[in-house]
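Quick notes on the structure that follows.
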Amino acid sequence: MRHRPSVTLAAAGIGSALLVAAAALPASAATGGTASLAVLHGVPDLTVDVWVDGTRTLDDFTPGTLAGPLDVPAGAHTLAITAADAADDSQPAIGPVDVTLEAGASYTAVAHLTATGDPTATLFTNDTSAVPAGQGRLTVRHVAAAPAVDVLAGGSPVVTNLSNPDEQSLTVPAGTVSAAVAATGTTTPVLGPTDLTIAEGANTIVYAWGSLDAGNLALAVQTIDGLHSAPGGVPSGELGTAASDAGPAAPWVAAATLLALVAVVGAVRPARRARAVARDRR
């Protein structure tokens with residue numbers, strides 16, 4: 001599966017720094033295999049350095065930036081966030097946070113504010129299970145200094161009473177929706193509305209970050225794709241009805257019909273030849 005960040009990335013050097021940091025992770029931290037780890041900076045007005053197991057992984061990491069994902073050794077690791085250009089991670093602004101990453105799993109570590117405005121960090125496990133054909137998964141994560149919120153789609157709540165640092169997910173038809181964030185029980189947006197594209201076969205993860213009191217609430221979007229499920233089979237019914245279906249199943253119906261016709265023709269032709277030979281012999 002591919003993990004495609006959709007928010008602004010830091011300079012190209014971030015990727016190299018992540019690779020160097022991964023190579024420097026101690027062998028004792030690994031349990032075999034790798035995990036996928038992305039890092040989101042959601043603390044406004046604070047440029048930081050991110051450290052993994054005592055190694056500076058991200059230098060001068062700016063708010064609203066999503067770095068990675070990177071394949072890191074599975075096992076136990078320590079994450080710390082310091083002021084930019086700190087000599088080491090002995091005096092972190094956030095952390096240290098001990099995390100255990102499972103082989104084959106996908107994670108996003110988020111530096112953000114608590115509901116009351118204190119810096120903190122949360123490790124989220126990303127849902128990479130398959131979604132039905134024609135559908136996408138929408139995950140909303142509240143990492144802002146704000147009370148509980150509702151998420152509105154087309155003016156109606158689809159996620160309700162979401163508190164920091166919780167998340168909610170739902171499966172929806174692929175397409176574009178107008179999304180907004182409002183205080184729980186209200187429909188007046190405190191953030192948005194904004195057009196949000198839900199990709200088929202992907203987990204579109206939306207983060208509400210920043211501070212309501214400071215007036216700098218913002219959205220960040222991360223997309224994890226490659227989650228398509230296998231076709232569910234060819235629907236039964238009359239050929240004319242199936243052929244008129246313009247939905248995702250239509251190509252599969254046409255292919256199955258073609259294969260059936262080929263099989264019928266292949267069976268009829270030898271039978272005709274056999275009958276003709278029998279007549280000639282008589």
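Where a number appears in this text, it was derived from the coordinates with a stated rule and is not lab data. Being a predicted model, the structure only gives us computed values, none of them experimental. Glycine gets a Cβ as well: all are built from the backbone with ideal geometry, and neighbour counts include every protein chain shown.
If you average 1/r across every pair of different Cα atoms in the stretch 50-148 and take the reciprocal, what Kirkwood value do you get, in Å? Don't skip to the answer; put the middle values down first.
Numbers: mean 1/r = 0.0657 Å⁻¹.
For the stretch 50-148, the Kirkwood estimate is 15.2 Å.
Between A87 and A183, what's the calculated FRET efficiency when r is the beta-carbon distance and R0 is 45 Å? Round to 0.05.
Once rounded, the FRET efficiency stands at 0.60.
Residues V50, V43, V221, arranged from fewest to most other Cβ atoms within 10 angstrom of their Cβ, appear as V221, V43, V50. Computed over neighbours whose Cβ is under 13 Å from that of A76, the net charge equals -3, Lys and Arg +1, Asp and Glu -1.
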